[in-house]
1. Name the trypsin sites (Lys or Arg not before Pro) in segment 42-137 that are in a loop by DSSP and that have at most 10 other C-beta atoms within 10 Å, would you?
2. Kindly write out, for segment 132-145 in residue order, the coupling ³J(HN,Hα) from the Karplus curve 6.51 cos²θ - 1.76 cosθ + 1.60 (θ = phi - 60°), rounded to whole Hz, with x marking Gly and Pro.
3. Fewest first, what order do Tyr62, Tyr15 take by the number of other Cβ atoms within 10 Å?
4. What list of ³J(HN,Hα) couplings, whole Hz, do you get for segment 106-116 from phi and the Karplus terms 6.51, -1.76, 1.60, once you set θ to phi - 60° and write x for glycine and proline?
5. Can you tally the net charge around Asp89? Count Lys and Arg as +1, Asp and Glu as -1, for every other residue whose Cβ sits under 11 Å from the Cβ of Asp89.
6. When only DSSP loop residues count, what GluC sites (Glu not before Pro) in segment 1-93 have their Cβ near at most 11 other Cβ atoms within 10 Å?
7. For segment 2-159, what is one quarter of the convex hull surface built on the Cα atoms, given in nm²?
8. Please report the spacing between the Cα centers of segment 116-163 and segment 68-91 in Å, no decimals.
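No value in this document is a laboratory result; all are computed from the given coordinates. All values reported here derive from a predicted model rather than from experimental measurement. With ideal geometry, Cβ positions are generated from the backbone for all residues, glycine too; neighbour counts draw on all protein chains shown.
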Amino acid sequence: MIDIERVNSSYSVNYESLNKLLTQQSPSKKERTIDKTDLTLSLNNFNFHLFVVVDWEKSDQYLGMASIFFQRNLAGWKGEIHDVVVDEDARGLGLGEKLVRKLLETAQTFCDKQKIEMKLYLTSRPERVAANNLYKKLGFVLVSESCGEWGTNLYKMIMGPSGPRGL
């Protein structure tokens, strides 16, 4: 059985599986890993949400992950989506879409509770064609295209009590 679970504690995390996903997300940074201390720092921010796709038939292996956080600055609230990745052996099963929909649901709940409207952002490298197409399909608007070696596409959506909307 496959479920999307929110990670609430750094104690029950499969770090090997989590770090495998991190290296797949950014193949040029094979050394990119997270440990219990760093994950605890992230999870201690109550506006940070990390979700993993768990395949219970394969013990506690993660098939994907994604995170979202909300912050208040002088201009108001904003949200950012990060670390969206599906294990290369599980791609094509719709798990990325399920993860992003879970993040959008989380953002909607946040806006409803706060009674606010906020901008929600995410970035994606242009070579991630399937991911870029998914974000557009889900209503994100491409506001800035990648430029240069380090560039990424920037997407934006407005979230509010009445639901998501384009710009």
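1. Lys115
2. Computed from phi, the couplings for segment 132-145 are 4, 5, 4, 4, 5, 4, 7, x, 6, 10, 6, 9, 7, 8 Hz.
3. Least crowded to most crowded, the residues run Tyr15, Tyr62.
4. 5, 5, 5, 4, 4, 4, 4, 5, 7, 6, 10
5. 0
6. Here the sparse-neighbourhood loop sites are Glu31.
7. Averaged projected area of segment 2-159's Cα convex hull equals 9.8 nm².
8. 10
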